[in-house]
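The values are calculated or read from the model by the stated rules, or taken from the named source; none is laboratory data. Treat the numbers as computed from the prediction; the structure is a model and nothing was measured. We place every Cβ from the backbone using ideal geometry, glycine too, and count neighbours over all the protein chains shown.
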Amino acid sequence: MNQPQRPLLPQGAELAHPPTRSRIYVGLGLAFALTLLPWMEQIRWLVPDFTLMALLYWNIRAPRLAGLGAAFCFGLLTDVARGVLIGLNALAYCTATFVVLLIQRRLEGFDTPRQTLQLAPMLLGKELLVLTIGLVIGRGAVDWRWLAAGVVAALLWPPLAWLVDRASGRAAPGMPTTRRPPL
Amino acid sequence: MSPAPHAPLFVREMGLPARFSLYVLVCLFLLALDARYATLSGLRAGLNALIHPTQIALAQPWEWLQNVGRFFITHGELAAENKRLKQQHELLAAGLRDRAAISAENAQLRALFALPPRPGFTLLAGEVIETSPDPFARKVIINRGSRHGIDAGWPVVDAAGLVGQVTRVYPWTAEVTLLTDRDQGAPVQNLRNGLRIIVSGQGSDNLLEVRFLDMHADLQPGDLLYTSGIDGVYPAGVPVARVLRTEPPRHTPFARAFCQPLGGVGRYRHMAVLVPTQKTAAAAPAPATKSP
């Protein structure tokens with residue numbers, strides 16, 4: 001087997017300080033605050049949905065602590081912040097979370113590049129879903145440029161996942177796990 | 001393997017698909033409710049009141065940076081700007097004297113013909129604090145809300161012309177739908193010959209269109225379009241657009257015309273809401289949010 005064998009239990013800092021519900025919600029709140037920053041109008045359509053990325057990340061790492069409820073609440077907040085129909089982003093977030101929870105076992109075993117490949121359709125699909133629902137509900141013409149935000153989100157996933165991994169004390173995948181030598 | 005600190009042995013909850021379908025149903029219900037009725041405006045205003053302070057706090061560092069940049073402006077620039085502003089002020093003062101005379105004359109003539117007085121408006125200046133990241137619409141958020149007495153439906157102008165209309169009101173902010181939004185329209189009059197048409201947004205930043213133009217209508221490139229004031233929403237005589245080109249009918253019986261907005265739609269930071277004065281607000285019918 002050429003893949004590094006993952007230990008059955010989390011090791012090191014992650015074992016000592018597993019992610020807790022409060023830390024996850026603080027992380028989601030920070031991601032939501034990122035989307036609230038006064039972005040320049042010229043690049044506004046390129047700004048990825050940090051809230052969705054954080055939701056997916058925590059649903060992969062701690063599926064029992066985040067979940068559909070968090071997705072729904074943050075979806076409503078995003079709807080109000082963006083001034084779109086209430087329920088639009090909530091529906092998209094819930095759908096993405098549902099899909100991620102279905103394949104969570106597979107996703108958490110993957111390293112970051114493979115994870116990115118699996119998540120890219122979801123990040124792009126969320127933007128597509130929001131635009132399509134808006135069309136169906138009858139909001140008129142759609143600016144398809146906004147799909148680019150999904151692509152940017154997929155491109156940003158590896159560095160951001162790495163960053164949050166390190167910030168929350170998860171061991172790097174390549175690092176040798178501190179296993180006690182056999183006596 | 002994920003850390004699952006609260007994983008119970010025997011799960012006593014609905015399965016994932018069941019929970020998901022419940023949430024989807026709730027979302028669809030909210031969507032339909034918000035798209036068709038105005039019942040959720042309270043929820044929206046409440047959540048917005050929660051988010052707004054965060055947004056203000058997050059925008060603060062940018063404000064500080066801009067203030068620091070403004071501090072290091074040179075004396076020469078200030079002097080030049082001062083001179084330019086003085087000249088502009090004299091020009092405007094002359095125009096204002098003319099206007100006072102003309103409006104007095106107009107009021108007398110209207111009284112002579114027993115016409116109702118023109119609706120009066122006062123200006124309430126506001127600042128754009130955010131552009132709304134909505135892929136379907138062109139909207140901005142200004143820092144004036146229901147606490148400042150703003151109501152939905154009121155027109156918004158800037159120094160150069162019409163900008164749009166207030167469409168949603170929150171406690172401290174309001175959402176202004178720009179003239180360039182596809183759903184937004186304004187009844188206008190050609191300054192040259194008094195032709196009445198409706199200018200609509202196109203979804204592009206610097207183009208408006210006249211969708212259903214009679215193919216024999218006398219509209220030429222360069223014509224100036226001012227609001228006609230017949231809809232009861234926009235006051236008469238606000239500059240709206242300049243005609244760029246007209247397009248002969250191709251697949252429809254109507255011609256089309258493309259215009260350039262005169263107001264700095266989506267460019268300026270400051271704009272003013274036209275607040276109707278009390279007596280006309282009571283007399284005027286409820287303002288429509290969309291023009292036909």
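Residues to consider are A:THR95, A:THR78; find the one that is surrounded by 24 or more Cβ atoms within 10 Å (Cβ to Cβ) and β-branched (Val, Ile, Thr).
Working: A:THR95 fails: surrounded by 24 or more Cβ atoms within 10 Å (Cβ to Cβ).
Every option except A:THR78 fails the conditions.
When you check B:THR39 against the structure, is it within 14 Å of chain A (Cβ to nearest Cβ) and assigned to a helix (DSSP H, G or I), yes or no?
No; evaluated as a whole, the condition is false for this residue.
For (1) among the acidic types (Asp, Glu); (2) assigned to a loop (DSSP other than H, G, I, E, B); (3) more than 11 Å from chain B (Cβ to nearest Cβ); (4) within 15 Å of the chain's Cα centre (by Cα), each residue gets a yes or a no:
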site: A:THR78; (1), (2), (3), (4): no, no, no, yes
site: A:ALA81; (1), (2), (3), (4): no, no, no, no
site: A:LEU85; (1), (2), (3), (4): no, yes, no, no
site: A:ALA90; (1), (2), (3), (4): no, no, no, yes
site: A:CYS94; (1), (2), (3), (4): no, no, no, yes
site: A:PHE98; (1), (2), (3), (4): no, no, no, yes
site: A:ARG105; (1), (2), (3), (4): no, no, no, no
site: A:ARG114; (1), (2), (3), (4): no, no, yes, yes
site: A:LEU119; (1), (2), (3), (4): no, no, yes, yes
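Quick check, is B:LEU124 touching a Ser or Thr at 6+ places or on another chain (Cβ under 9 Å) and either among the hydroxyl-bearing types (Ser, Thr, Tyr) or farther than 19 Å from A:PRO38 by Cα (or both)?
When the stated conditions are applied, B:LEU124 does not pass them.
State all residues of the stretch A:47-69 that are in a helix (DSSP H, G or I) and away from chain B (no Cβ under 11 Å); if no residue qualifies, say none.
Once the filter is applied, which keeps residues that are in a helix (DSSP H, G or I) and away from chain B (no Cβ under 11 Å), the stretch A:47-69 yields A:PHE50, A:THR51, A:LEU52, A:MET53, A:ALA54, A:LEU55, A:LEU56, A:TYR57.
Which strands (runs of 3 or more DSSP E) does the stretch B:77-164 wholly contain that include 1 or more residues that are within 14 Å of chain A (Cβ to nearest Cβ) and either in contact with a helix residue (DSSP H, G or I) (Cβ under 9 Å, 6 or more places away or on another chain) or under 30 Å from A:ARG82 (Cβ atoms) (or both)?
B:121-131, B:139-142
Would the stretch B:253-267 turn up any residue that is at pLDDT below 85 and more than 23 Å from B:GLY153 (Cα to Cα)?
Yes, the stretch B:253-267 has at least one match.
Looking at B:ARG147, B:ARG182, which is the one that is basic (Lys, Arg) and surrounded by 15 or more Cβ atoms within 10 Å (Cβ to Cβ)?
Testing whether each residue is basic (Lys, Arg) and surrounded by 15 or more Cβ atoms within 10 Å (Cβ to Cβ) leaves just B:ARG182.
Check whether at least one residue in the stretch A:146-155 is of a type outside the set (Asp, Glu) and modelled with pLDDT under 85, and report yes or no.
Yes; the residues of the stretch A:146-155 include at least one that is of a type outside the set (Asp, Glu) and modelled with pLDDT under 85.
Go through the stretch B:189-205 residue by residue and tally those that are more than 14 Å from every other protein chain (Cβ to nearest Cβ), assigned to a loop (DSSP other than H, G, I, E, B) and surrounded by 16 or more Cβ atoms within 10 Å (Cβ to Cβ). Steps first, please.
Taking the stretch B:189-205 and keeping what is more than 14 Å from every other protein chain (Cβ to nearest Cβ), we get B:189-199.
In the following step, the residues that additionally are assigned to a loop (DSSP other than H, G, I, E, B) were identified as B:191-195.
Within this subset, residues satisfying the condition of being surrounded by 16 or more Cβ atoms within 10 Å (Cβ to Cβ) are B:195.
The total comes to 1.
Would you confirm, using the coordinates I've provided, whether B:ARG44 is surrounded by 11 or more Cβ atoms within 10 Å (Cβ to Cβ) and either within 14 Å of chain A (Cβ to nearest Cβ) or modelled with pLDDT of 85 or more (or both)?
In short, yes.
Pick from the stretch A:130-155 the residues that are crowded, with 16+ Cβ neighbours inside 10 Å and away from chain B (no Cβ under 11 Å): which of them is farthest from B:ARG138 (Cα to Cα)?
Going through the qualifying residues, I end up with A:ALA154.
Can you find a residue that is of a type outside the set (Asp, Glu) and within 30 Å of A:GLY67 (Cβ to Cβ) anywhere in the stretch B:58-77?
Yes, the stretch B:58-77 contains a residue that is of a type outside the set (Asp, Glu) and within 30 Å of A:GLY67 (Cβ to Cβ).
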